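Student: Mind having a look at this structure? Questions to follow.
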């Protein structure tokens with residue numbers, strides 16, 4: 001058999017992938033100011049520029065609804081102090097409870113939010129940021145918040 005005509009999966013080393021992603025972000029960041037500074041005389045380009053300006057000026061319509069839903073969820077999730085059982089010793093590093101959002105160990109006495117459906121706990125700022133991004137499921141088991 002021969003090689004496939006189309007190869008959908010290209011495995012790149014992580015540093016190369018990060019570099020390509022950075023270059024893409026830089027090119028997108030430069031394209032918008034360039035299109036605003038150097039307008040084209042073409043009517044279609046002017047219409048496209050107007051649409052870009054409107055998108056920058058007005059947030060999407062669902063942003064307010066998402067923010068209200070996120071605030072409602074955060075107000076219903078209790079904030080508790082984590083009471084670990086003397087974990088995070090150097091020999092028990094593998095058994096320490098970790099925040100699935102930031103991947104750091106949850107220290108004893110840290111403020112965490114405990115989810116209602118699944119009882120998973122996460123650092124307060126981590127789960128708040130998760131919910132603010134519009135994610136309304138548990139980062140571990142995907143049960144609804």
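The values are calculated or read from the model by the stated rules, or taken from the named source; none is laboratory data. Every value quoted in this text rests on a predicted model; they were computed, and no experiment measured them. Positions of Cβ are generated from backbone atoms using ideal geometry, with glycine treated the same way; all protein chains shown enter the neighbour counts.
Student: In this structure, is residue 103 surrounded by fewer than 16 Cβ atoms within 10 Å (Cβ to Cβ), over 14 Å from residue 81 (Cβ atoms) and assigned by TED's automatic domain parsing to the domain that holds residue 72?
Tutor: Spelling it out, residue 103 is indeed surrounded by fewer than 16 Cβ atoms within 10 Å (Cβ to Cβ), over 14 Å from residue 81 (Cβ atoms) and assigned by TED's automatic domain parsing to the domain that holds residue 72.
Student: Please verify whether residue 75 is modelled with pLDDT under 85, farther than 30 Å from residue 30 by Cα and exposed (fewer than 11 other Cβ atoms within 10 Å of the Cβ), treating the condition exactly as stated.
Tutor: The answer is no for residue 75.
Student: Considering only the range 111-123, state which residues are surrounded by fewer than 17 Cβ atoms within 10 Å (Cβ to Cβ) and either within 18 Å of residue 83 (Cβ to Cβ) or not assigned by TED's automatic domain parsing to the domain that holds residue 83 (or both).
Tutor: Scanning the range 111-123 gives 111, 114, 119.
Student: Identify, please: which residue in the range 83-134 is modelled with pLDDT of 85 or more and more than 24 Å from the chain's Cα centre (by Cα) and is, among those, nearest to residue 68 (Cα to Cα)?
Tutor: So the residue we want is 109.
Student: Please indicate, with yes or no, whether at least one residue in the range 47-68 is surrounded by 12 or more Cβ atoms within 10 Å (Cβ to Cβ), modelled with pLDDT of 85 or more and outside any loop (DSSP other than H, G, I, E, B).
Tutor: No, because not a single residue in the range 47-68 is surrounded by 12 or more Cβ atoms within 10 Å (Cβ to Cβ), modelled with pLDDT of 85 or more and outside any loop (DSSP other than H, G, I, E, B).
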